[in-house]
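The values are calculated or read from the model by the stated rules, or taken from the named source; none is laboratory data. Since we're looking at a predicted model, the values are computed, not measured. Quick reminder, even Gly has a Cβ in these numbers, built from the backbone with ideal geometry, and neighbours come from all protein chains shown. Ligands, DNA and RNA are excluded from the accessible area calculation, which covers all protein heavy atoms including side chains. Shrake-Rupley method; radii C 1.70, N 1.55, O 1.52, S 1.80 Å.
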Amino acid sequence: MPSSISRTSFRTKAFTVSAAAALAAALFPAGAAAATAVPFGYAPVGPASVYGTQWASSSPWGGYVATGSGFTSITGSWTEPSVTCTSSNNLFAPWVGIDGYGSQTVEQTGAQVSCASGSPVYSAWYEMYPASPVYLSKPVAAGDSFTGSVTATGGSKYLITLTDNTQGWTYSTTKRLSAEDVSAEAIIESPSQSYPKFTATKFTGITVNGNVFSSYNPIPLSSGGYSPTALNGGSFSLVP
């Protein structure tokens, strides 16, 4: 993944949809998961107030984000939706993580679907920005139930765990990062700003620092025509 991608405001990202597609085509052969050329975890590097109401109403992230300080763990589950590709630019992922909203670090894990080959291609990943995303050689399919978690274990170390409950695999890794721990999120995101069509994505069982997600009064965000339903404890859906 290119290391030169700027993590500035979503309104000034270096990658437009067409640029992302061009880079993907250059780096990956036809039929490959070319969208891996575009990393996840984009977010503004300042508070939402800097970007006005546009961020809250039409952000690159859809879902909920808790803000503050001292976020050391998040756990949540979701079902990877079946999608209909409308463009080879279509790329999106549900994920859970810490940081990225008002910070210059992210600690995240999720499962993406790319339409770069003309058909949906699913893959799992994690990201510890500023390092590039890491894509896992694990089977992923539409309808799979996932549980992801990010936990600070001390000494600037983070344990990242992603489980595909349907396929029966778990991946865990510990990485070191001088992170800021200023937000916690359950999100859908399209780095290419081009979502495929899907009916809904549901997150369940979200906890932050061992507490139910709603206790942090997280901010709702809409993205690409998908908006979150009301947060019920640790559960919500993103629907068109």
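How do the pairs read when you match residues in the range 90-111 that are at pLDDT 95 or above with residues anywhere that are in a strand (DSSP E or B) and open to solvent by 10 Å² or more (accessible area, probe 1.4 Å), using Cβ under 6 Å and keeping only pairs 6 or more apart or on different chains?
Qualifying pairs under 6 Å: 109/126.
Hey, does the range 190-203 have a residue that's surrounded by fewer than 20 Cβ atoms within 10 Å (Cβ to Cβ), closer than 22 Å to residue 162 by Cβ, modelled with pLDDT under 95 and among the small types (Gly, Ala, Ser)?
Among the residues of the range 190-203, at least one is surrounded by fewer than 20 Cβ atoms within 10 Å (Cβ to Cβ), closer than 22 Å to residue 162 by Cβ, modelled with pLDDT under 95 and among the small types (Gly, Ala, Ser), which makes the answer yes.
From the set of residues in the range 208-223 that are under 18 Å from the mean Cα position of the chain (by Cα) and open to solvent by less than 50 Å² (accessible area, probe 1.4 Å), which is nearest to residue 93 (Cα to Cα)?
223
Any idea which of (1) open to solvent by 50 Å² or more (accessible area, probe 1.4 Å); (2) touching a Lys or Arg at 6+ places or on another chain (Cβ under 6 Å); (3) of a type in the set (Ser, Thr, Tyr) is the one residue 170 doesn't satisfy?
Looking at each condition in turn, residue 170 falls short on (2).
Regarding residue 135, is this residue touching a helix residue (DSSP H, G or I) at 6+ places or on another chain (Cβ under 8 Å) and of a type in the set (Phe, Trp, Tyr)? Steps first, please.
Working: touching a helix residue (DSSP H, G or I) at 6+ places or on another chain (Cβ under 8 Å): yes; of a type in the set (Phe, Trp, Tyr): yes.
Taking the combined requirement at face value, the residue satisfies it.
For the range 88-126, give me each residue that is open to solvent by less than 40 Å² (accessible area, probe 1.4 Å) and in a loop (DSSP other than H, G, I, E, B).
If the condition is that a residue be open to solvent by less than 40 Å² (accessible area, probe 1.4 Å) and in a loop (DSSP other than H, G, I, E, B), then 89, 90, 100, 101, 102, 103, 105, 115, 116 are the ones that fit.
Return the residues of the range 174-225 that are within 27 Å of residue 87 (Cβ to Cβ) and part of a strand (DSSP E or B); say none if nothing qualifies.
185, 186, 187, 188, 189, 197, 201, 202, 203, 220, 221, 223
Residues being part of a loop (DSSP other than H, G, I, E, B) and under 14 Å from the mean Cα position of the chain (by Cα): count how many of those fall in the range 67-80.
The qualifying residues number 1.
Just the residues that are open to solvent by 40 Å² or more (accessible area, probe 1.4 Å) and in a strand (DSSP E or B), please, taken from the range 226-240.
Result: 227, 232, 239.
Which number in (1) in a loop (DSSP other than H, G, I, E, B); (2) hydrophobic (A, V, I, L, M, F, W, C); (3) buried (at least 24 other Cβ atoms within 10 Å of the Cβ) marks the one condition that residue 140 misses?
(3)
Does residue 135 satisfy the criteria of being open to solvent by 40 Å² or more (accessible area, probe 1.4 Å), under 20 Å from residue 62 (Cβ atoms) and either modelled with pLDDT under 95 or assigned to a strand (DSSP E or B) (or both)?
Details: open to solvent by 40 Å² or more (accessible area, probe 1.4 Å): yes; under 20 Å from residue 62 (Cβ atoms): no; either modelled with pLDDT under 95 or assigned to a strand (DSSP E or B) (or both): yes.
The answer is no for residue 135.
Residues in the range 219-231: is at least one at pLDDT 95 or above and on the phi > 0 side of the Ramachandran plot?
no
Please work out if residue 148 is closer than 21 Å to residue 63 by Cα and assigned to a loop (DSSP other than H, G, I, E, B).
No; evaluated as a whole, the condition is false for this residue.
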